[in-house]
Structure formats: C-alpha cells, structure tokens
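What follows is one structure encoded as structure tokens, with my remarks underneath.
We did not get these values from a lab; they are worked out from the coordinates using the rules stated. Remember, it's a predicted structure, so these values are computed and weren't measured experimentally. Every residue, glycine as well, gets a Cβ built from its backbone with ideal geometry; the counts of neighbours run over all protein chains shown.
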Amino acid sequence: MTKKIGLFWLRDDFRITKNDGLIEATINHDHVVVFYLYKEETYKDQEAQKWWLSKSLSNFKKKLDSLKINLEIVRSNSFKIFFDELVKKQDFTIYWNKVYEPEYLKFDKYLSNILENRNISFKRLKGNSLNEIDEIKKNDGSPFKVFTPFWRNAEKYYIEKIPSKEKKIKTCKKKINYFKNCIKPEKILPKKKWFKNFEKIWSPNEESGLEQLQNFIKDKIINYSEGRNFPNITGTSKLSPFIKFGQIHVETIWNECINKKPKNIGTTKFLAEIGWREFNHSLINHFPHMLKNNYSKKFDKFPWEKNSKFLSAWKKGLTGYPIVDAGMRELYTTGWMHNRVRMIVGSFLVKHLLINWKEGEKYFKNCLLDYSPASNVAGWQWVAGCGADAAPYFRIFNPILQGEKFDKEGEYVKKWVPELRNLSKKFIHKPWEFNEPGFELGRDYPLPIVKHEEARAKALKAFKKI
Ligand SMILES: Cc1cc2nc3c(=O)[nH]c(=O)nc-3n(C[C@H](O)[C@H](O)[C@H](O)COP(=O)(O)OP(=O)(O)OC[C@H]3O[C@@H](n4cnc5c(N)ncnc54)[C@H](O)[C@@H]3O)c2cc1C
C-alpha cells in the first residue's frame with residue numbers, strides 16, 4: 001500500500017461496479033479523492049445534460065461518502081492548464097478510465113507524457129465499451145465502415161476474450177480534501193427550470209440504471225425486436241443516459257442479458273444495438289472529420305436551405321405533422337425521444353425541410369439526456385444519408401405512413417399533442433382531413449408547414465444535384 005494519495009479523475013464513470021480506475025485506486029491507497037473537472041464551455045450547448053450531470057454528481061458523492069471517499073468538483077476551462085499545475089505536486093498517483101472520443105484520447109497522450117516526465121505513477125484503464133477501438137479491424141488492418149461485419153467480428157472477439165477477474169471497491173481509511181475552490185453539484189444546474197419534469201421521470205444513479213436493466217430483462221427483452229418500433233409503449237430499455245454517463249457499464253449489460261435468460265431473438269437484437277454504439281465510437285475515432293462534417297464528402301455540395309421559420313416550427317413541435325410534433329415535444333419535456341421517432345423527425349428536418357442535419361444535431365445535443373457525440377453525429381448522418389452505412393438519401397420517410405404504422409391508434413400522438421386528442425385513428429396522422437365542428441386547423445393545430453408530396457419531390461431534385 002503506497003502512502004501517496006490515490007486520485008481518480010471521474011469522467012463518464014458514475015458507478016462503483018466495473019469502474020476499473022476507481023477500484024484500482026481504492027485497492028492501492030488508503031486515501032482516495034475522486035475529482036470531476038467541470039468545463040463550462042463543454043456544457044454550454046448541453047443544457048439537458050447539465051441536469052443529469054448535476055444530479056449524478058450529488059448522488060455519486062453520497063455513495064462515495066459511505067466508502068470514505070471524497071468527491072470534489074473543480075471548475076476548469078482548460079484540462080491542460082489544470083494538469084500542468086497539478087503535476088507540480090508529487091504526492092499522488094492518478095487513475096482514470098478511457099472515454100472513446102478523439103479529443104479525450106488525444107489528451108490522454110498529453111497527460112501520460114507529462115506524468116511520465118514528472119515521474120508520477122498513473123494508470124489509464126478501459127472505459128465503457130466491450131472492446132477497445134483498435135481491437136476490431138478488418139483483416140487488412142483498416143476500420144470497418146459497415147455495421148454487420150463490424151458487429152460480427154466485435155461480438156466474436158468479445159465472446160472469445162478471457163474475462164479479467166472482477167475486482168471490488170474497498171472502503172478507504174478516511175475522507176480527505178485535496179482540491180481548493182471546489183463547487184457544489186447544484187452550481188451546474190441549468191438556469192431555466194424546465195428540467196423540473198425530468199425529476200419526475202429519471203433518477204440518475206447506478207442503482208436505478210441496474211434496476212431498469214433488470215426490469216427490462218425480466219419483462220421486455222423477449223419482445224424487444226418488435227416492441228422497439230412502437231413509441232406508444234415502453235418497448236426499449238431507456239438506459240441510454242445511464243450508459244452515456246457510465247452509471248452502467250456495457251459489460252454489465254452484456255453479462256446480465258446473457259446470464260439471466262437463454263439467448264433469444266430479443267436479446268440478440270438488443271445486444272446488436274449496444275453494438276451500434278460501439279460501431280459509432282469506432283467510426284468517430286477512425287474518421288474524426290465526421291464529428292464536424294459529412295462523413296461522405298459528396299454531401300459537402302448538398303444544396304441545404306436556411307429557413308429559420310421552419311427550423312423553429314420543427315423545434316417547437318408545430319410542423320402540422322402529428323408524429324413529428326409528438327416526438328419533438330417528448331424530447332423537450334423528457335430529455336429523451338424514442339429511436340423510431342428520432343429517425344422520423346430527423347428525416348423530416350433534413351428531407352422535407354431541406355435543413356442541414358447539423359442544425360438537428362445541435363438541437364438534439366442541447367435537449368438529449370443521452371447525448372453522445374458518437375451516436376448523435378452518426379445517428380444524424382445515418383438519417384441524412386451522408387454517414388457510413390447510412391439510409392440512402394432517396395429513401396424518404398413518409399410521416400403519415402410512419403405514424404399509421406408505428407402509432408396505429410394514435411396513442412403516442414395524443415399523449416404529446418393533446419390538442420388532437422379528440423381525433424379518431426383515421427385522422428390522427430392527417431388532421432387536415434378532419435372536418436368537424438369544434439376543431440379548426442390553423443387555429444387548434446398548425447397547418448402542415450410543407451406538403452409531403454411536394455417536399456419529397458423537391459428533396460429528390462436536390463439530391464440529384466450531388
Ligand atoms: C438522429 C439520431 C440521434 C441519436 N442520438 C443519440 C445520442 O446522442 N445518444 C445515444 O445514446 N443514442 C442516440 N441515438 C440512438 C438511439 O436513438 C438511442 O440510443 C435510443 O433511442 C436510446 O433509447 P434506449 O436506451 O431505450 O435504447 P435501447 O433500444 O434499449 O438500446 C439499448 C442501448 O443501445 C444503444 N443504442 C440503441 N440504439 C442505438 C443506435 N441506433 N445507435 C447507437 N446506439 C444505440 C444505446 O446506448 C441504448 O441505450 C440517436 C439516433 C438517431 C436516429
């Protein structure tokens with residue numbers, strides 16, 4: 001046992017189970033301090049996640065207290081300045097888990113170098129992923145660009161890996177303070193109080209994530225292949241924000257799914273979605289240009305239109321297309337949107353309104369609790385047709401048919417667009433055909449901002465230009 005203090009740099013790892021860096025620190029040190037570096041700049045366009053982060057910090061702090069570990073939050077606008085200062089001290093060993101984003105991995109190299117130069121010991125451990133990014137490549141060493149062969153290889157590689165022995169966290173000797181000028185988790189909360197709704201829906205802590213997983217495996221996973229398509233039911237796990245913030249490790253998800261029930265089509269499909277997350281992380285690390293620009297360069301010439309009126313109607317859920325509006329309102333109210341509806345609203349923005357996917361990506365980033373650069377950028381580029389293994393641009397979702405197929409009775413629409421609650425299922429996805437006293441289109445609910453057939457033809461014409 002070394003006399004030095006064990007520091008654990010907390011990033012997206014708000015958990016005790018399978019938190020390699022934190023566990024290792026408690027095994028090697030009597031005194032451990034966990035610190036979170038809050039970079040205001042990063043969160044300036046991630047308002048919803050400020051709420052999840054703040055709650056995660058206060059919940060995790062309580063949990064760590066019981067293990068006699070202090071969690072300190074330090075405001076820092078530059079990781080570089082912070083660590084250049086920290087390494088002047090020599091009384092610590094530092095641990096952290098990887099975050100599989102190019103900027104973080106690049107910074108890891110910088111940090112490892114300065115620590116080595118100062119003779120400070122450190123350990124950088126595996127992050128929230130089944131495999132490491134470089135482990136899954138084609139035979140010729142190049143990265144996969146198509147999901148199916150990627151996942152076939154990744155799944156096989158993971159199954160054949162010899163699992164490392166699971167270590168357990170240790171209670172420390174005494175809680176100590178290490179950093180100066182720490183801030184309280186409440187300081188991170190967004191100024192606007194719209195997040196009050198989130199409090200009724202989500203509990204950002206490890207226990208809730210694990211419980212949600214158990215309930216999902218018990219009741220839902222068996223029908224996941226089918227159930228995941230219907231936004232009016234809870235057919236998916238809703239684990240995405242827990243996974244993003246590392247309240248649950250994907251290896252835990254894998255093990256629980258495999259151990260609890262014989263593998264069935266639902267489990268296979270569910271684990272393949274975890275596979276999409278891995279694929280997206282592989283993509284952004286091998287093709288980092290896609291974080292800011294089109295993965296497919298030919299889309300650089302796409303004739304996007306700027307239309308602030310349309311963009312604003314889309315954001316507010318006032319497009320006149322019920323399934324689109326329901327999705328956008330669900331997002332704003334709950335910080336989450338069903339995957340099927342993410343595809344529908346995404347397609348509507350990019351294809352019906354011809355607005356650049358980057359605008360949608362930006363808005364989702366601000367509103368989603370599960371926002372992750374890899375899955376958001378890849379999701380948007382998949383929808384827009386400019387991503388790797390994407391839906392072809394010319395396949396344009398028809399919001400009426402999508403609604404009629406996946407929200408047959410209109411329950412989802414009625415939940416989020418209550419002004420349509422009196423419409424029968426015949427009209428719920430095309431309220432412009434509803435002609436009854438007491439309901440006036442344009443007054444009670446917006447007229448469609450574009451006509452589907454015209455918008456579709458225009459989008460196809462625009463696509464021909466590239
Ligand atoms: C335009 C667009 C933007 C998206 N932005 C994000 C984002 O910022 N963050 C995010 O986590 N997901 C994103 N997704 C993917 C997907 O919509 C969500 O992961 C999913 O809806 C989360 O709900 P769930 O936890 O119930 O998923 P489940 O269906 O229960 O799936 C389990 C887990 O697998 C992963 N997953 C599921 N579907 C996908 C997918 N298509 N791509 C990548 N991972 C997936 C998630 O971690 C999810 O929690 C986006 C999809 C689209 C079309």
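Summary of values
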item	result
DSSP H segments from the chain that extend 30 Å or more along their own axis, Cα-based, with Kyte-Doolittle mean of -1.0 or above	265-286
Lys, Arg +1 and Asp, Glu -1 on Cβ, resulting dipole of the chain about Cα centre, debye, nearest 20	600
P(r) histogram, all alpha-carbon pairs of segment 299-384 included - 5 Å bins from 0, percent	3, 16, 29, 29, 17, 6, 1, 0
Neighbour-count ranking [beta-carbon atoms within 10 angstrom, fewest first] of 452, 281	452, 281
For 343, 337, order by how many other beta-carbon atoms lie within 10 Å, fewest first	343, 337
Set 238/261; 192/316; 244/298 screened for pairs whose C-alpha atoms are more than 22 Å apart	244/298
Ellipsoid semi-axes in whole angstrom, largest first, where each is sqrt(5λ) of the Cα gyration tensor of segment 5-127	21, 19, 13
For segment 297-464, diffusion coefficient by Stokes-Einstein and Kirkwood Rh (Cα), 4 °C, 1.567 mPa s, µm²/s	80
Packing-based ranking, highest mean first, of 85-92, 237-244, 289-296 given that Cβ atoms within 10 Å are counted	237-244, 289-296, 85-92
Summed side-chain charge close to residue 187 - residues other than residue 187 whose Cβ falls under 14 Å, Lys, Arg +1, Asp, Glu -1	+4
Pairs from 39/174; 63/174; 301/464 whose Cα-Cα separation, in the structure shown, is over 19 Å	39/174
Per-selection metrics, segment 143-268 (Cα): Rg and Dmax in Å	19.1, 52
Mean Cβ neighbour count within 10 Å, used as a protection proxy, ranking 442-450, 271-279 highest first	271-279, 442-450
Mean Cα-pair separation over length for segment 86-205, i.e. relative contact order, pairs under 8 Å, 6 or more apart, %	18
Charged-residue dipole, Cβ positions (Lys, Arg, Asp, Glu), segment 185-251 about Cα centre, Debye nearest 20	520
Hydrodynamic radius by Kirkwood, which averages 1/r over all alpha carbon pairs of the chain, in angstrom	23.9
Pairwise centroid distance, computed over Cα atoms, of segment 156-198 with segment 4-52, Å	5
Where GluC sites (Glu not before Pro) fall in DSSP loop in segment 398-466, at most 13 other Cβ within 10 Å	409, 440
Average Cα contact separation per residue, the chain, under 8 Å, 6 or more apart, as relative contact order %	17
Beta bridge orientation in the chain: antiparallel %, DSSP, nearest 5	5
Rh by Kirkwood over Cα pairs, then Stokes-Einstein D for segment 27-68 at 0.890 mPa s and 25 °C, µm²/s	204
